[in-house]
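Below is one structure, written out as structure tokens; comments come after it.
The values are calculated or read from the model by the stated rules, or taken from the named source; none is laboratory data. Since the model is a prediction, treat every value here as computed from it, not as a measurement. Cβ placement follows ideal geometry from the backbone for every residue including glycine, while neighbour counts extend to all protein chains displayed.
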Ligand code: NAP
């Protein structure tokens, strides 16, 4: 067989060429995505015994590879070299759908030809934490595939640990199947992974960024549990979208101006002003719910700008669960109310196998839609990330076609 095949022309099942096309980031190109990513020919990687090689049909776009492109906050190539890896490049991509082309010697749960979606949680199976049966998300070996690891989905072949593969929902296109797992499984752990604050029927859940990647998944997971999602958005035009996913009501955050870190409690005037804004937001929340019922769970990711309000509106005995600090990392709260009202502030990061499976089950059952907004060609990996970098990306989640049929997407041949 040829050493390399055209993008979109699958080699015979189970036959792996020596080389592949990949969208590659190198240290001397770090910068905006349109500068950092370039298509190169790279040798197809060898497998460890617990790994499989996936022929990538489509890949999902996430913010982590904007960071990889910039080389900020972490130079991912340097970080891996320090850990002993030899490659001087980064092939990103933390979401994929595809076909298994090769399996490692120890792999029992997969065979060549299986159609899979890939979750991005990796860990060392020999780590004592993992071996002890503790949540592998607490292992020091935990890494995000296609960001903290190399050999992600922005290439014809991706190298993953077998446990990362789950059945592809049959009703979805390859591109829709590649779009949801990272954000969906993260949202699933946030909403179901922190008992006793797992979402229950009838709970009100406040979801920040309801039309965003995480938010669109969170609204649907909350609705699937019989609970009441209320979404926060920045503009009127996102309201219908969130309602179509199941939000009972929406709050437009631009109508308030009390954002940012909490003023010092000794600064009476500033604190009173902040409190007025937070109370008005709380009133808007009750209006969106339709009754004076506060959220048992607040689904947080904006961080510094919104945490004070999230903690304020959270119900007595409720939980604010957070997986990012998009607007900044200083989380401030008034401890007097925090302890008296016995609230919980919980960090959360991606998901373990069971949680990724839980989310995939909701997708297979048609209870959660991937919310694919726009599909790009393989050549457009830089442009898709550039849109995200400039916060001009559409609602929901974006994907790129790698091996999948490319109707409507015209690319020049690469070989
Ligand atoms: P996204 O699609 O860009 O959505 C984020 C949403 O946040 C936007 O739609 C925006 O909605 C809202 N937002 C932006 N600025 C805001 C502000 N100042 N105040 C309140 N809301 C604001 O991104 P995403 O995929 O949902 O990811 C969100 C964050 O979570 C990112 O930082 C990402 O890296 C992180 N993340 C972490 C994990 C993890 O495992 N730890 C997993 C996935 C994502 P409006 O403008 O409509 O309000």
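The rows are residues; the columns are (1) without any contact (Cβ under 8 Å) to a residue 12 or more places away in the chain; (2) not assigned by TED's automatic domain parsing to the domain that holds residue 153.
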{"site": "14", "(1), (2)": "no, yes"}
{"site": "28", "(1), (2)": "yes, no"}
{"site": "38", "(1), (2)": "no, no"}
{"site": "56", "(1), (2)": "no, no"}
Residue in region 204-212 that is crowded, with 21+ Cβ neighbours inside 10 Å, free of Cβ contacts under 8 Å to residues at least 60 places away in the same chain and not in a helix (DSSP H, G or I) present: yes
Breaking point among (1) at pLDDT below 95; (2) assigned to a strand (DSSP E or B), for residue 327: (2)
Residue satisfying all of: in region 288-310; surrounded by fewer than 24 Cβ atoms within 10 Å (Cβ to Cβ) and within 20 Å of residue 336 (Cβ to Cβ); nearest to the ligand (Cβ to nearest atom) among these: 308
Any hit, region 200-212, residues being within 30 Å of residue 403 (Cα to Cα) and not assigned by TED's automatic domain parsing to the domain that holds residue 105: yes
Members of region 138-149 found to be out of contact with any strand residue (DSSP E or B) (no Cβ under 6 Å at 6 or more places or on another chain) and part of a loop (DSSP other than H, G, I, E, B), listed by number: 139, 140, 141, 142, 146, 147, 148
Conditions (1) part of a helix (DSSP H, G or I); (2) over 19 Å from residue 120 (Cβ atoms); (3) within 16 Å of the ligand (Cβ to nearest atom); number of the one not met by residue 374: (1)
Residues located in region 72-95, provided they are within 16 Å of the ligand (Cβ to nearest atom) and either surrounded by fewer than 18 Cβ atoms within 10 Å (Cβ to Cβ) or at positive phi (or both): 72, 73, 74, 93
